[in-house]
Amino acid sequence: MAGVSTLSLTSSLGAQSSERRVSISSTRLFASGFDSFRLRICFAYDTASVRTSNSNSRFVVQCMTTSTDVPTVSETKLNFLKAYKRPIPSIYNTVLQELIVQQHLTKCKRTYRYNAVFALGFVSVYDQLMEGYPSDEDRDAIFQSYIKALKEDPESDAKKLEEWARAQNASTLVDFSSREGEIEGILKDIAERAGKTGSFSYSRFFAIGLFHLLELANATEPTILEKLCTALNIDKRSVDRDLDVYRNLLSKLVQSKELLKEYVD
């Protein structure tokens with residue numbers, strides 16, 4: 001696994017032209033190749049079960065819960081399609097559908113509780129995966145449809161956390177527990193719950209949000225990540241693993257976008 005200091009999530013995607021519109025028919029030529037590195041849902045869930053059909057590459061996900069208010073994955077995906085009815089190039093749509101499933105399953109976990117670090121991670125993932133989308137206006141509309149389908153609004157919390165992180169350095173970021181403030185309180189709550197067995201729901205979005213905090217504070221040294229994970233009672237090995245998976249996904253996505261750009265040019 002590459003060292004954390006070499007992992008730059010915000011610079012993994014190259015700049016793409018936002019002025020060219022790509023027709024949906026063109027991107028279908030790359031759908032089968034892109035499926036080979038789709039974001040995999042490989043987590044064990046306390047309250048969710050996954051059933052895979054052998055007939056094709058699609059899968060059916062069932063969320064087990066005692067509450068009748070929790071929608072199914074199909075309902076969540078349908079809500080997204082109702083909110084955004086325009087076609088989405090498959091190179092983006094494939095990842096979007098996977099993210100919807102992953103985030104839905106995360107919410108189904110018994111220990112799940114929304115937090116600002118999770119929100120920052122999700123917004124970071126969306127921005128990076130959708131970079132280079134043919135239309136900025138459509139990209140924003142897709143984001144609003146996405147969060148509406150999942151019934152969460154992470155954008156404002158992500159902005160608060162970003163503003164806070166930019167004012168920090170390596171020392172103050174790790175030493176959050178000794179200070180008072182809104183964000184410090186959020187991090188203390190995470191640390192308290194993560195320190196108790198079965199009280200905290202870790203996810204890949206959380207890991208990405210955590211690293212983005214370090215990026216914004218210009219503190220991406222591996223030792224700082226280790227200290228922050230210790231302060232938050234988070235397993236650094238899990239964070240390293242998920243960041244590595246995400247970095248590889250971004251790298252492959254960049255390659256597919258470049259291939260698509262060569263084709264339409």
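Values quoted throughout were computed directly from the atomic coordinates according to the rules given, and no laboratory measurement underlies them. This is a predicted model, so every value here is computed, not measured. In this analysis, Cβ positions are derived from the backbone assuming ideal geometry, glycine residues included, and neighbour counts consider all displayed protein chains.
When the alpha carbon coordinates of the range 120-258 are projected onto the principal axes, the ranges are 45, 32, 29 Å, largest first.
Only sites in a loop by DSSP and with at most 10 other Cβ atoms within 10 Å count here; which trypsin sites (Lys or Arg not before Pro) in the range 120-154 make the cut?
For trypsin sites (Lys or Arg not before Pro) across the range 120-154 that sit outside H, G, I, E and B with at most 10 neighbouring Cβ atoms in 10 Å, the list reads K151.
Extension gain, E226 to S178: 0.36 nm times the residue separation minus the Cα-Cα distance gives 15.5 nm. Annotation: amide H-H contacts under 5 Å for S201 (H modelled 1.01 Å from N, sequence separation of 5 or more, or interchain): R113.
Restricting the trypsin sites (Lys or Arg not before Pro) of the range 92-123 to loop positions (DSSP other than H, G, I, E, B) with no more than 16 neighbouring Cβ atoms within 10 Å leaves R110, R113. Taking each residue as 0.36 nm, the span from E262 to L81 lengthens on full extension beyond its C-alpha to C-alpha distance by 62.2 nm. Applying both filters, DSSP loop and at most 13 other Cβ atoms within 10 Å, to the trypsin sites (Lys or Arg not before Pro) of the range 165-265 gives R179, K196. Spacing of the modelled spin labels on Q144 and N248, each 7 Å from Cα toward Cβ, amounts to 3.7 nm.
Give me D for the range 61-187 in µm² s⁻¹, whole number, from Stokes-Einstein with Rh from the Kirkwood sum over alpha-carbon pairs, 10 °C and 1.306 mPa s. Taking Rh from Cα pairs, D becomes 97 µm²/s. Across all C-alpha atoms in the range 137-209, the radius of gyration and Dmax reach 14.9, 43 Å. Within the same chain, lysines fewer than 8 places from K236 are excluded, and of the rest, those with a Cα less than 24 Å from its Cα are K107, K109, K188, K196, K227.
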